[in-house]
1. What residue among 35, 80, 181 has the largest mean-square fluctuation in a Gaussian network model of the chain, using Cα springs under 10 Å?
2. Between 154, 19, 125, which gets the highest mean-square fluctuation from a Gaussian network model of the chain, Cα cutoff 10 Å?
3. Can you give the direction-averaged projected area of the convex hull of the alpha-carbon atoms in region 54-95, in nm²?
4. Quick one: helix 156-169 against the long Cα principal axis of the chain, what's the angle to the nearest 10°, folded into 0 to 90?
5. Helix-derived [θ] at 222 nm for the chain: sum -39500 (n - 2.57) over DSSP H runs of at least 4, divide by residue count, nearest 500?
6. Order by neighbour count: 167, 41, 209, fewest other Cβ atoms within 10 Å first, most last.
7. Can you give me the relative contact order of the chain as a percent, contacts being Cα pairs under 8 Å and 6 or more apart?
8. Where Rh denotes the Kirkwood radius from the mean inverse Cα pair distance, what is Rg over Rh for region 161-206?
């Protein structure tokens, strides 16, 4: 592919997305991503607290989700589980994911859609864990019984779900396909609970995209959600208006 063709492809694939993000940051700076900044601060706070001798158990009680937990308890803890860093991963990775993906999603699709899609992806992963345990460990989508006690926290399922949703919304189809392919490769290389939950999260978000494509409002490539075009200017005064009237008297 020649350089002009590459530039055309890049503009078509990422131009509307990057243009939206750049315009929002230029206009509002950090005020464009209040949800993302709040999520980063909350995750940092949970990381600090859970590493204190007195803080580990309270954080687990608030946001720790395991497949062995009753479903009602898992759903009750899910809203905060996104912000509790996974114990076996460096916290800077979770913070970087949030700052980048949550920030782009918040600018491009709005803060409430970011929350909805993130929670749909997370709940899908949590639900899959129970389905996988019900299946035989020899089943392609089954899980070993040892995964019942795996601490299932962190923003990763929400991150991959939001990445797929934003790519679909802004027609960055190749990028979205690469995200899906990367998660499939992750499962093939490291067949664990987190990788399979990522696939479940993406499947749920793709189903959400299909529903929105069929019954939702049409997408406008490159236009930030919630922004309508400015109203047309008022028509010029007609010759027979007040300027042309005579006062009788």
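1. It is 181.
2. Top of the fluctuation ranking is 19.
3. Numbers: hull surface 13.2 nm².
Seen from a random direction, the Cα hull of region 54-95 projects 3.3 nm² on average.
4. Here the helix axis deviates by roughly 30 degrees.
5. Details: 10 runs with 154 residues, N = 249.
Result for the chain: -20500 deg cm²/dmol, rounded to the nearest 500.
6. Details: 167 23, 41 12, 209 18.
Final ranking by Cβ density, sparse to dense: 41, 209, 167.
7. Details: 285 pairs, mean separation 56.2, N = 249.
The value is 23 percent.
8. Values: Rg = 10.5 Å, Rh = 10.6 Å.
Reported Rg/Rh (Cα atoms, Kirkwood Rh): 0.99.
Throughout, read-outs are computed from the coordinates displayed, never taken from laboratory work. No experiment lies behind these values; they were computed from the predicted model shown. Every residue, glycine as well, gets a Cβ built from its backbone with ideal geometry; the counts of neighbours run over all protein chains shown.
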